[in-house]
1. As an exercise, find the ratio Rg/Rh for region 36-115 from alpha-carbon atoms, using the Kirkwood inverse-distance average for Rh.
2. Mind listing the phi-derived Karplus ³J(HN,Hα) values for region 36-53, rounded to whole Hz, using 6.51, -1.76 and 1.60 with θ = phi - 60°, and x for any glycine or proline?
3. Taking amide H positions as placed 1.01 Å from N in the peptide plane, with prolines and chain starts having none, which residues 5 or more places from Tyr59, or on another chain, fall under 5 Å of its amide H?
4. Output the peptides 142-148, 67-73 sorted from most to least packed, where packing is the average of other Cβ atoms within 10 Å over each peptide's residues.
5. Kirkwood Rh, region 1-136, all Cα pairs: how many Å?
6. Give the separation of the Cα centroids, region 50-69 to region 1-40, in Å.
7. Give me the net charge for the shell around Ser96: Cβ to Cβ below 11 angstrom, other residues only, Lys and Arg +1, Asp and Glu -1.
8. If you stretched the chain out fully between Lys79 and Val43, how much longer would it get, using 0.36 nm times the residue separation minus the C-alpha to C-alpha distance?
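Every number here is computed from the coordinates shown, using simple stated rules; none is lab data. What you see is a predicted model, and the numbers here were worked out from it, not measured in a lab. Quick reminder, even Gly has a Cβ in these numbers, built from the backbone with ideal geometry, and neighbours come from all protein chains shown.
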Amino acid sequence: ISEMQAIVVELQLRERVLGLAGQLVAMGVGPGDVVAVACDRSVESVVGILAVHAAGAAYLPLDPSYPEARLAQMLDDAKPRLAVVVPATEGDVFRSREVPVIETTAIGSVAALSEPVACDARSPAYVVFTSGSTGRPKGAVVSRHALACMVNWHLAHPRLGQPARVLQFVSLGFDPSVRDIFA
């Protein structure tokens, strides 16, 4: 991929992210809110996660392949304001919990954000659940400050050549995915 192609892709990604973030803000999403992102590893998941982040909210990654009971327990514990899904994601688990759903492709009548929403460093960035291997899975809230520190460390200590490209290979519900997306 040439440098020019990379710039075009980055601009397209930014347009989609800020467009979806504008939709989220119009739906009342903002700092302190949790928004579920139910997507497989894909461009759509990155758009959803970055849009939630740009709207000032924390994202809760939900792997659509998880058993419905696990998804239900995570939704019940985290109480997300809404869920961002890819168009093909089944919404029964969200409907049964009255969690509104918006698709990652929902960029329409509402104006895109021009810049991400400003947040306090203590605001939540994401919620990740433990595996539950020692009992009931528990949600851990990670602050924007902790996320920024981790990203800055990875940028200061690159293990890859520059510019770095990372293949997303872990589940979005597994903490190392955060490094792959943000750093």
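1. Across region 36-115, the Cα-based Rg/Rh ratio is 0.95.
2. In residue order, the calculated couplings are 6, 10, 10, 8, 6, 4, 6, 4, 4, 5, 5, 4, x, 5, 5, 5, 4, 4 Hz.
3. So Tyr59 has HN proximity to Val35, Tyr126, Val127.
4. Those peptides, ordered most packed to least, come out 142-148, 67-73.
5. 15.3
6. First find each Cα centre; the distance between them is then 13 Å.
7. Taking every Cβ under 11 Å from that of Ser96, the sum is -2.
8. 10.4 nm is the gain from fully extending Lys79 to Val43.
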